[in-house]
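S.K.: I have a structure I would like to understand better, so I am pasting it below and will then ask my questions one at a time.
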Amino acid sequence: MPIDEIEVPGSSISLKCWKARIESVPNLFQRIMKEGDAFNVESEIPGFHDCDSSDKVIRGFYSAIIPFEVEHLVDGISTKTLFKRIESCEFLALDGFVFTSGKTNPQKPLSHGLSLLSGYGVTLLEFEFNQLSQFHDRLSQLKSIALTNPKDKEIRRVRLTGQIESYTDYNVIDPRNHGIESVAGIVDSPLGPMTITVSRKGGLRLGVRKGFILTLDCLLWVMKLVMDEKPPEYVQKQL
């Protein structure tokens, strides 16, 4: 399968979105292979492995050894034993974004590693209020929205689900002073209808049919749908 295609194993895929600047994808790939830390189980060094690239994207894995404790009984006495396990995340890196999926523990050291190798900070993307607001207007159907009120309000957080026309019509929020934590709904993507959930702190979840092949172009289409202040031409045709 091409490296710019992701086969979704179940009915959804969850991603974290990071801001990145990559001046040359091939050059960064060479630096990862020559200078990046390679994952080593014996020495427990976290790092990259199974990486591949094209002219526009790097795809690979970053793994780490993570310690954890298990509480259990020994001769009737409760005790804890320290174990270790491998946790991995998969990443796609291109100029503008890094997308990660899998375990969360390796994702922060991955961002540090990519920052050092690219020369630019790789930071978790936080969607702005205006971006989430405009995204909810572009959905074919809004299914749910999580909102936050100012701290002085009795109701601090509310989630609306169902057939929502305009969420500001409901008296559970301050229509002029509130935040949006997440938005979920149905959109007609270039690969067909899908359910998209976008959370403020860089979260992206796509609900699709089983066996769905997610392309990098479609993923970038989703990001453009969320982040552009003006709907792109392909969105305008649908509105």
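S.K.: Going by the conditions given, is Ile65 among the hydrophobic types (A, V, I, L, M, F, W, C), farther than 18 Å from Leu117 by Cβ and surrounded by 10 or more Cβ atoms within 10 Å (Cβ to Cβ)?
M.R.: Yes, satisfied.
S.K.: Counting only residues that are at pLDDT 75 or above, aliphatic (A, V, I, L, M) and touching a helix residue (DSSP H, G or I) at 6+ places or on another chain (Cβ under 8 Å), how many does the range 156-186 have?
M.R.: Result for the range 156-186: 3.
S.K.: Quick check on the range 28-46. Is at least one of its residues within 22 Å of Ser118 (Cβ to Cβ), in contact with a helix residue (DSSP H, G or I) (Cβ under 8 Å, 6 or more places away or on another chain) and aromatic (Phe, Trp, Tyr)?
M.R.: no
S.K.: Then there's this: Quickly run through the range 53-81 and pick out the residues that are touching a residue at least 24 places away in the same chain (Cβ under 8 Å) and among the charged types (D, E, K, R).
M.R.: Those that are touching a residue at least 24 places away in the same chain (Cβ under 8 Å) and among the charged types (D, E, K, R): Asp55, Lys56, Arg59.
S.K.: Now for a separate question. Just checking, does the range 209-216 include any residue being over 27 Å from Leu92 (Cβ atoms) and modelled with pLDDT of 70 or more?
M.R.: no
S.K.: For the structure I just gave you, tell me whether Val41 is β-branched (Val, Ile, Thr) and under 27 Å from Gly202 (Cα atoms).
M.R.: No: the conditions fail for Val41.
S.K.: Considering only residues that are without any contact (Cβ under 8 Å) to a residue 12 or more places away in the chain and under 20 Å from Lys34 (Cα atoms), which ones fall in the range 93-118?
M.R.: The answer is His112, Ser115, Leu116.
S.K.: Name the single residue, out of those in the range 18-37 being basic (Lys, Arg) and not in a strand (DSSP E or B), that is farthest from Glu87 (Cα to Cα).
M.R.: Arg21
S.K.: Go over the candidates Arg59, Arg21, Arg85, Arg31 one by one and state the one that is open to solvent by less than 50 Å² (accessible area, probe 1.4 Å) and among the basic types (Lys, Arg).
M.R.: Details: Arg21 fails: open to solvent by less than 50 Å² (accessible area, probe 1.4 Å); Arg85 fails: open to solvent by less than 50 Å² (accessible area, probe 1.4 Å); Arg31 fails: open to solvent by less than 50 Å² (accessible area, probe 1.4 Å).
Result of the check over Arg59, Arg21, Arg85, Arg31: Arg59.
S.K.: Pairs only if they're at least six apart or on different chains, beta carbon under 7 angstrom, first in the range 187-201 and at pLDDT below 95 and of a type in the set (A, V, I, L, M, F, W, C), second in a loop (DSSP other than H, G, I, E, B) and open to solvent by 40 Å² or more (accessible area, probe 1.4 Å); list them, first residue then second.
M.R.: Val187/Ser140
S.K.: Moving to a separate point now. With respect to Leu15, is the statement that it is among the aliphatic types (A, V, I, L, M) and in a strand (DSSP E or B) true?
M.R.: The answer is yes for Leu15.
S.K.: Somewhere in the range 38-46, is a residue aromatic (Phe, Trp, Tyr) and either under 21 Å from Trp221 (Cα atoms) or assigned to a strand (DSSP E or B) (or both)?
M.R.: no
The values are calculated or read from the model by the stated rules, or taken from the named source; none is laboratory data. Bear in mind the structure is a predicted one, so any value in this text is a computation, not a measurement. Glycine gets a Cβ as well: all are built from the backbone with ideal geometry, and neighbour counts include every protein chain shown. Ligands, DNA and RNA are excluded from the accessible area calculation, which covers all protein heavy atoms including side chains. Shrake-Rupley method; radii C 1.70, N 1.55, O 1.52, S 1.80 Å.
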